[in-house]
Amino acid sequence: MKHAVLLLLLLGLASPVMSQIDIARIDSMNTRANSFRGTLPDSMIAIAQRAHDQAKRIGYRKGQGDALRWIALGKNLTGQPGSEELLDESYAIFTSINDPAGLASTLNAMATVTFYRGAYDLAGERWHEALETYRQIGDSIGITNMWNNLGNLHRAMGQNEIALTYHQQALAYREKKTDTLNLAGSLNNVANLLNELERHDEALRFHERALTMNEAIGNRRSIGNSMMNLGSTHLRRGDATLALEYYQKAAEIRESMNDFRSLSGVYSGMADAYLSLGQAQKAAEYATDAYEMAMRVNTPREANDASRFAYRAYKDAEDAATALRYLEIHKSLSDSLLSIDRQRAIANLESVAELNRVQEEVNALETEKFYSRIIFSIIIVSLIGAVTALVYIRRSQQELQRLGAMKDRMFSILSHDLRSPLTSLHSLIELLDMDALTPDEWASLKSSLLRQFSVTDETLRDVLLWAKGQFEGEKSRQQSVNLNEAVASNVELVNLIAIRKNVTIQSNVDSKVMVTVDRDHLMAIIRNLLTNAVKFTPSGKSIIIKSETLNGNHVLIVKDEGIGMSKEKLDRLFTTSGQFTQGTAGESGSGLGLIFVSELVKRNNGTIHVESTPGVGSMFRVSFQKG
């Protein structure tokens, strides 16, 4: 009996135990695998495979199902076989454990794979099934993603007006929720449909806005999408040379990612551009590469487009035999993709009832937006009323109005300027599973974390100091301060950032110059001007900070060899907050810093003047009273 009990204990100790720590680690790995979907599909597969093996070892079925989905999508992106079988297994797992959210995600992945295989009818059925599942569990983000995918489906079938309805609905929701990561995708989708409807100038504005967002986020796959879309738009507008520039940038990104499915589409676009420029031989080379690549990864839609461009290119190059071969290939692929039965299946896929449901969703969101405005207005009015009651006792009516306006402005700054960097920090911190990060991935992640922290910390300090000054009115602790010492302290602080950018800061401030200012204000002014100069100065260039005496005052000069500013931007430099800006190394900012500087200079009885030339640089001149 004792031996039997001992044997059972030993078996129990040897069996895998599903602890919460194990589950959290596997979920973290699956989350990270998904985050690499847009940039490193090979890493996505490797990390998801590790998550799957660990989940299977401890019997964590949900972790297995999620991992299988990411492995399948990674294989689809890199042109490897086996995606469908993996997704079938994932679907069976989520069905067995009765997990509707996981089931809907897997249905979405299955639809995506079949869509790129050209099976539009099956893709549509699965997306509608996923949409219904998301409705049942009340997942509004999932519903929005399905609207987006159904918009892509209808666009592929040439039903552009219906597609535009879906994509505009998804865009409206994502703008409302400030869903930055997915908002750029919706902007691209709406722009693509506007192109199909021959509204190219409108499309260009949407694509440019999407590129700005993608570059700020740093998602290379999305940046490549934007570059490709801009190339297509410029080609439609008749500028083939500019189109080629964008296509070439997109190709470089796709090649570095081994994203052969998307690269095939880029090469087809380049072939089209070279045809427009009359370079038939060059067009033939890219069209041939595009076709062979599409066939290798088994994407008949891309192969069909590539064969069409190859036929036109070889025909223009007077290679009749090769042109005829590609014409026959194109005809065969077109017949396969655009058969009468397939068209009928897709046409019947969208019933009148479903269109009515879409309209109901639109109306529901509009109603929700209306009531949200009312609630928000009530909250704001209540806050203003509370502040008004408190300030009325202590200050005059004129001071009350000033604080009310300040409060609104501070709320706007806090909600806009701190939310984005904090969201980015949250996303980056979620990736900190050291066991699954390679040294290169960790180095890249560390750099991103440091940059995001620097932006957030700088913005928070400026907002708090500005708000403190607003609450205290025009009071400042005036004293005699050595300008050279204040500059040296800030140069030492900012120089770490400048060195990383290979930017040189040269200080030539007279060591005897004394100015009458609030010391904290002076430090904030110098730090903001130096940080701003470093942000917009390219690698290898210099920043000069010096002093001079003019009209009885001391003048601090900060001059950079940066990108400069247009007259339009210069005119509104100190009057508009919440502007998105991006430095020469991808640094982000909101335009708050210079508004803050301008206010502090005025409060210290000084003046600020700016001169700037695009491509040459900028010079800030700040005048202070002698100390």
Expected single match for surrounded by fewer than 23 Cβ atoms within 10 Å (Cβ to Cβ), touching a Leu at 6+ places or on another chain (Cβ under 9 Å) and either free of Cβ contacts under 8 Å to residues at least 40 places away in the same chain or in a helix (DSSP H, G or I) (or both) among 106, 112 is 112
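Residue-by-condition table, conditions (1) surrounded by 23 or more Cβ atoms within 10 Å (Cβ to Cβ); (2) in contact with a strand residue (DSSP E or B) (Cβ under 6 Å, 6 or more places away or on another chain); (3) part of a helix (DSSP H, G or I); (4) of a type in the set (Phe, Trp, Tyr):
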site	(1), (2), (3), (4)
94	yes, no, yes, yes
143	no, no, yes, no
146	yes, no, yes, no
151	yes, no, yes, no
186	yes, no, yes, no
Residues in the stretch 247-258: is at least one touching a residue at least 40 places away in the same chain (Cβ under 8 Å) and not basic (Lys, Arg)?
yes
Looking at the stretch 151-187 only, could you name the residues that are of a type in the set (A, V, I, L, M, F, W, C), free of Cβ contacts under 8 Å to residues at least 40 places away in the same chain and touching a Leu at 6+ places or on another chain (Cβ under 9 Å)?
163, 164, 171, 183, 187
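For the stretch 312-339, what are the residues that are open to solvent by less than 20 Å² (accessible area, probe 1.4 Å) and in contact (Cβ under 8 Å) with a residue 40 or more places away in the chain?
Taking the stretch 312-339 and keeping what is open to solvent by less than 20 Å² (accessible area, probe 1.4 Å), we get 313, 323, 326, 337.
The answer is 313, 337.
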Would you call residue 276 in contact (Cβ under 8 Å) with a residue 40 or more places away in the chain and open to solvent by 60 Å² or more (accessible area, probe 1.4 Å)?
yes
Considering only the stretch 533-549, state which residues are within 22 Å of residue 497 (Cα to Cα) and out of contact with any Gly (no Cβ under 6 Å at 6 or more places or on another chain).
533, 534, 538, 539, 540, 541, 542, 543, 544, 545, 546
Go through the stretch 115-130 and report how many residues are surrounded by fewer than 24 Cβ atoms within 10 Å (Cβ to Cβ) and either touching a strand residue (DSSP E or B) at 6+ places or on another chain (Cβ under 7 Å) or among the hydrophobic types (A, V, I, L, M, F, W, C) (or both).
3
Among the residues that make up the stretch 230-240, is at least one of them more than 20 Å from residue 190 (Cα to Cα) and either assigned to a helix (DSSP H, G or I) or of a type in the set (Phe, Trp, Tyr) (or both)?
yes
Filter pass, residue 500 being more than 19 Å from residue 617 (Cβ to Cβ) and surrounded by fewer than 18 Cβ atoms within 10 Å (Cβ to Cβ):
yes
Report the residue count in the stretch 222-262 for those that are basic (Lys, Arg), open to solvent by 10 Å² or more (accessible area, probe 1.4 Å) and at pLDDT 80 or above.
3
Tell me whether the stretch 539-548 contains one or more residues that are more than 41 Å from the chain's Cα centre (by Cα), closer than 17 Å to residue 622 by Cα, aliphatic (A, V, I, L, M) and open to solvent by less than 30 Å² (accessible area, probe 1.4 Å).
no
Reported set for the stretch 172-200 where residues are over 11 Å from the mean Cα position of the chain (by Cα) and within 20 Å of residue 247 (Cβ to Cβ) is 187, 188, 189, 191, 192, 194, 195, 196, 200
Of all residues in the stretch 286-311, which are open to solvent by 90 Å² or more (accessible area, probe 1.4 Å) and among the charged types (D, E, K, R)?
292, 296
Is it the case that some residue within the stretch 63-76 is among the basic types (Lys, Arg), in contact with a helix residue (DSSP H, G or I) (Cβ under 7 Å, 6 or more places away or on another chain) and crowded, with 24+ Cβ neighbours inside 10 Å?
yes
Just to be sure before I move on: is residue 506 in a strand (DSSP E or B), touching a residue at least 12 places away in the same chain (Cβ under 8 Å) and either on the phi > 0 side of the Ramachandran plot or out of contact with any helix residue (DSSP H, G or I) (no Cβ under 7 Å at 6 or more places or on another chain) (or both) in the structure I sent?
yes
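The values are calculated or read from the model by the stated rules, or taken from the named source; none is laboratory data. Since the structure is predicted, the reported quantities are computational estimates derived from the model, not experimental observations. For neighbour counting, all protein chains shown are included, and Cβ atoms are generated from backbone atoms with ideal geometry for every residue, glycine included. Accessible surface is based on the protein model in full, side chains and every heavy atom, while ligands, DNA and RNA are left aside. Shrake-Rupley method; radii C 1.70, N 1.55, O 1.52, S 1.80 Å.
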